[in-house]
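Okay, structure first, notes after.
The values are calculated or read from the model by the stated rules, or taken from the named source; none is laboratory data. This structure is a prediction, so every number in the text was calculated from the model and none was measured. Backbone-built Cβ (ideal geometry, glycine too); neighbour counts: all protein chains shown.
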Amino acid sequence: MTLPPHPDSRSSLPAFIVALACTGVGAGLGGAGLALLLHGVQHIAYGYSTTHLIGAESFLQGVSAASSERRLAVLAACGLIAGVGWAALYRFGKPLISIRKAVASSDPRMPVVSTIVHALLQIITVALGSPLGREVAPREIGSLLAGRIAARAGLAVDDCRLLVACGAGAGLAAVYNVPLGGAVFVIEVLLGTFAPRAIVAAIVTSTIAAVVAWIGLGNEQQYVVPAFRSSMALTVWAALCGPLFGLAARFFVMLTSSARANAPRGSRLIILSLLNFVVIGVLVGHFPQLAGNGKGAAALSFGGDVNISLAATLLMLKVTIEASSLRAGAEGGLLTPGLTNGALLAVVLAGVWNHLLPGVPAGAAAIIGAGAFLAASMQMPLTAVVLIIEFTHANHDLLFPLMLAVGGSVAMYYAIPQLQARLHAVASAPEALPSGRA
């Protein structure tokens, strides 16, 4: 039987170090396993690169080569698996515990079977073409393992929480090969502290997990982009368009939050999920870029291979099917979908800009827009900047326009509720009668 967390505020150093190492290794193996499962399901479903789990052919290429009929059949199967799977999980499984709730709990252990099933459903449905992200699954597995390791080691409650948060960051680091991004995610998003103990723990676990994942996934970057360099035109564009990404991110968060809050349960989940993914299958028959979490569309945007009209069309459709999938009851993250939405929006904005003042490369704008939208939509500006740099290995001088855009985007995101409150106060205030009048 797993031991409960020790009530003391600080654990013994040897036990804490061993627990950190085990968490990093476990999250790395778990993340690599989930990534390999994702590739395997993708290759079988769409019939490409069937002899290599990690090959030169991308998911977008595989989907594009498949017939429209096969795309529709795969997405219909995705809807059936999603509907039946999540309906059964909610009906028969133990209640799920989110990572945030686990980190804030006095006993941060998560239910084993329910968490594993939840993670596997996310990976399988994304592999089949769900427009949601796959990053939550490895974070959940990392946190699940960390909670059990911490309790078994008899760590203090505070260190158990710290380890669970580090497990989530390590899972993120493993699947995307972003050790610094995983560590900053823990510090900024999950813990909200820059205490030395938390920083060291996050860096150690994320680095170990990323290196362990190389065994199955290799030491590869997520996106290969041209060697863009900053310019005055790009910097001015980033500064002026930054707030627009924040405005778009606020709309996106409102839309997806409402969709999640109204997701069905029981038989309605099965029916709506099947209908939703059949419609997505029809759309993917015409636009293969819509299949999956958006990595293919993001890669095209970063390479400058998407024109304004296609980018606008994909953006509109992607936002729609992301929200509809959440509304139908599917689960998944919004990291890569948000990144892709920002990249596509940036292509549109850069295209309009270049009609008036040429000089902004669409690919560079897409990288900046991806970071700005991601920073605001997930309320993690530092993590977004680090992730974009680790995802793309972009030249460091792109940091200047990237940080300007991120600053403007996040500022606008948080300013919108204040502006709405002021407008509401002004509109609801009674009109004062003119003085001296009867």
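For the reader, a short list of remarks on this structure follows.
Residues are listed down the side, and each one gets a yes or a no for (1) in the same structural domain as L89 (by TED's automatic domain parsing); (2) in contact with a strand residue (DSSP E or B) (Cβ under 9 Å, 6 or more places away or on another chain); (3) under 25 Å from T383 (Cβ atoms):
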| site | (1), (2), (3) |
| --- | --- |
| V306 | no, no, no |
| A323 | no, no, yes |
| G333 | no, yes, yes |
| L349 | no, no, yes |
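- Selected residue [more than 24 Å from V360 (Cβ to Cβ), at pLDDT 95 or above and of a type in the set (S, T, Y)] from T313, T320: T320
- Conditions (1) within 18 Å of C22 (Cβ to Cβ); (2) basic (K, R); (3) touching a strand residue (DSSP E or B) at 6+ places or on another chain (Cβ under 9 Å): number failed by R134: (1)
- Test: residue in segment 372-391 that is farther than 21 Å from A183 by Cβ, surrounded by fewer than 24 Cβ atoms within 10 Å (Cβ to Cβ) and touching a residue at least 40 places away in the same chain (Cβ under 8 Å): no
- Restricting attention to segment 387-438, the residues that are at pLDDT below 85 and under 14 Å from G371 (Cα atoms) add up to 0.
- Single residue of A77, A87, A65, A102 found to be more than 30 Å from M316 (Cα to Cα) and of a type outside the set (V, I, T): A102
- Residue check, S98 polar (S, T, N, Q) and either touching a Gly at 6+ places or on another chain (Cβ under 6 Å) or within 24 Å of Q42 (Cα to Cα) (or both): no
- Residues that are in contact (Cβ under 8 Å) with a residue 60 or more places away in the chain and in contact with a helix residue (DSSP H, G or I) (Cβ under 6 Å, 6 or more places away or on another chain) occur at least once in segment 194-202.
- Residues of segment 391-405 that are among the aromatic types (F, W, Y) and farther than 13 Å from F302 by Cβ: F400 alone.
- Residues within segment 22-65 that are touching a Ser or Thr at 6+ places or on another chain (Cβ under 8 Å), exposed (fewer than 15 other Cβ atoms within 10 Å of the Cβ) and part of a helix (DSSP H, G or I), tallied: 1
- Each residue in segment 7-21 was checked for being in contact with a Gly (Cβ under 8 Å, 6 or more places away or on another chain) and either surrounded by fewer than 20 Cβ atoms within 10 Å (Cβ to Cβ) or modelled with pLDDT of 95 or more (or both), and 1 of them qualify.
- Single residue of segment 136-165 satisfying the filter (of a type outside the set (A, V, I, L, M, F, W, C) and buried (at least 24 other Cβ atoms within 10 Å of the Cβ)) that is farthest from the chain's Cα centre (by Cα): D159
- Within segment 182-203, tally of residues that are farther than 18 Å from G26 by Cα and crowded, with 24+ Cβ neighbours inside 10 Å: 3
- Filtering segment 79-127 to residues that are outside any helix (DSSP H, G or I) and surrounded by fewer than 23 Cβ atoms within 10 Å (Cβ to Cβ) leaves G93, K94, P95, L96, I97, S98, S105, S106, D107, R109, P111.
- The condition (being closer than 22 Å to A366 by Cβ, over 19 Å from the mean Cα position of the chain (by Cα) and in a helix (DSSP H, G or I)) is satisfied by just one residue among A227, A233, A201: A233.
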